[in-house]
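The values are calculated or read from the model by the stated rules, or taken from the named source; none is laboratory data. Computed from a prediction, not measured in an experiment: that's the story for all the values here. Please note: Cβ atoms are built from the backbone with ideal geometry, for glycine as well, and neighbour counts cover all protein chains shown. Please note that ligands, DNA and RNA were not included when accessible areas were found on the heavy atoms of the full protein model with its side chains. Shrake-Rupley method; radii C 1.70, N 1.55, O 1.52, S 1.80 Å.
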Amino acid sequence: MTRSQRLAAALRRFARHKGALFGALVVALVVVAAFAAPLAFPHDPLRIVGPAELWPFEDPRFPLGTDSVGRDIAALIAYGSRATLVIGLSASLAATLIGVTVGSVAGYYGGRVDEAAMRLTELFQTIPSLIFVLTIVSILGPRIENIVIAVSAVSWTPVARLTRAEFLTLRDRDFVQACRAMGMGDARIIATEVLPNALPPVIVLSSLIVAGAILFESAVSFLGLGDPNLASWGRLIGEGRQLIRSSWYVCALPGAAIMVTVLALNLLGDGLNDALNPRLRDR
């Protein structure tokens, strides 16, 4: 089967997964909202634009109402999707690069290299993730790049372990032995022969890391350690928690956005797993 035929088969398997299609649709809507936010809301989302605590649909200018100081909640949610995507995708990419590098080296070489890499991985896994993220952000400062660094620092370990497991099953296969017999270097074998065969499950896990990164960012912003210059769903929930009895929508709307987005990413990951996992092709 050629590469194009395998890709077409994977797309057909993905299309049969209704939950994955729903997840892909929701993620696409979040992406559209992120790109369209400056067009739909040309003003600064952090600027006061109306009376405080307007309920949704009470004023047609503010379809989702206003928060405790009179900022447009619709604008905050739209611009918050930009921060959510930037942090989620950047942290997932960084964590994947770190994890793939550590896992591939450990799985390919084995021995003491594997032992040292796995002990380092276990060391990071023993640290409570949220506390580690909060500590890093507190030390480095509440900026978006520091949040990405903190989230990627706690998210790479599952990728490393999965990549190592895939390399352990592939490093002694006939095609790898043939590459060694042809005189190919280890770096070339890892990058061009073994890694492409180990990537499908890693891609699935990376999509789930995006969901985890969104939750970490929301928690950091909820606790007041997010970037103060950016609109954030978690920050909006944190600022509205004092109004939970009188104006609960201030917390409920961004909370629903987080819940639906994270659910969609998990469903998307399930669909990618069905499409890319060869063990599930005949399920």
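Against the main long axis of the alpha-carbon atoms of the chain, helix 18-40 sits at an angle near 50°. Quick check: net charge around residue 114, other residues with Cβ under 15 Å of its Cβ, Lys/Arg +1 and Asp/Glu -1? Value of the local net charge: 0. Summing +1 for each Lys or Arg and -1 for each Asp or Glu among the other residues whose beta-carbon sits under 11 angstrom from that of residue 225 gives 0. In the context of the full set of protein chains, residues of the chain present 51 Å² of accessible surface per residue (probe radius 1.4 Å, heavy atoms only). If you run the Gaussian network model on the chain, springs between alpha carbon atoms under 10 Å, then out of 136, 214, 147 the most flexible one is 136. Normalised by the number of residues in the stretch 1-155, the mean separation of alpha-carbon contacts (under 8 Å, six or more apart) gives a relative contact order of 16 percent.
Expressed as cubic angstrom per residue, what is the convex hull volume of the alpha carbon set of the stretch 36-83? It would help to have the intermediate numbers written out before the result.
Numbers: hull volume 3.1 nm³, N = 48.
Normalising the Cα hull of the stretch 36-83 by residue number yields 66 Å³.
Taken over the chain, the percentage of Cα pairs per 10 Å bin, counting from 0 up to the bin with the maximum distance, is 7, 24, 28, 22, 13, 5, 2, 0. Once the Cα atoms are used to define both axes, helix 195-222 deviates from the longest principal axis of the chain by about 20 degrees.
Express the relative contact order of the stretch 132-283 as a whole percentage, based on alpha carbon pairs under 8 Å and six or more residues apart in sequence. Kindly include the intermediate steps, with their values, before the conclusion.
Working: 139 pairs, mean separation 35.8, N = 152.
That works out to 24 percent.
From the convex hull of the Cα coordinates of the stretch 83-139, what is the mean projected area in square nanometres?
Working: hull surface 18.6 nm².
Spelled out: convex hull of the Cα atoms, projected over all directions, averaged, 4.6 nm².
With runs of 4+ DSSP H residues as the only contributors, calculate the mean residue ellipticity of the chain at 222 nm using -39,500 (n - 2.57) per run, divided by the residue total and rounded to the nearest 500.
Working: 12 runs with 202 residues, N = 283.
Using -39500 (n - 2.57) per qualifying helix, the result is -24000 deg cm²/dmol.
Against the chain, whose longest principal axis comes from its Cα atoms, helix 144-155 is set at around 40 degrees.
With an 8 Å cut-off on Cα pairs and a minimum separation of 6 or more residues, tell me the relative contact order of the chain in percent. It would help to have the intermediate numbers written out before the result.
Values: 411 pairs, mean separation 75.0, N = 283.
Rounded, it is 27 percent for the chain.
Phi angles across the stretch 71-78 convert, under the Karplus curve 6.51 cos²θ - 1.76 cosθ + 1.60 with θ = phi - 60°, into 3J(HN,Hα) values of 8, 6, 5, 4, 5, 5, 5, 5 Hz, Gly and Pro given as x. The translational diffusion coefficient of the stretch 137-255, from Stokes-Einstein at 20 °C and 1.002 mPa s with a Kirkwood hydrodynamic radius over alpha carbon pairs, comes to 124 µm²/s.
If you average the C-alpha positions of the stretch 170-192 and of the stretch 60-137 separately, how far apart do those two centres end up, in angstrom? Between the Cα centres of the stretch 170-192 and the stretch 60-137 lies a distance of 33 Å.
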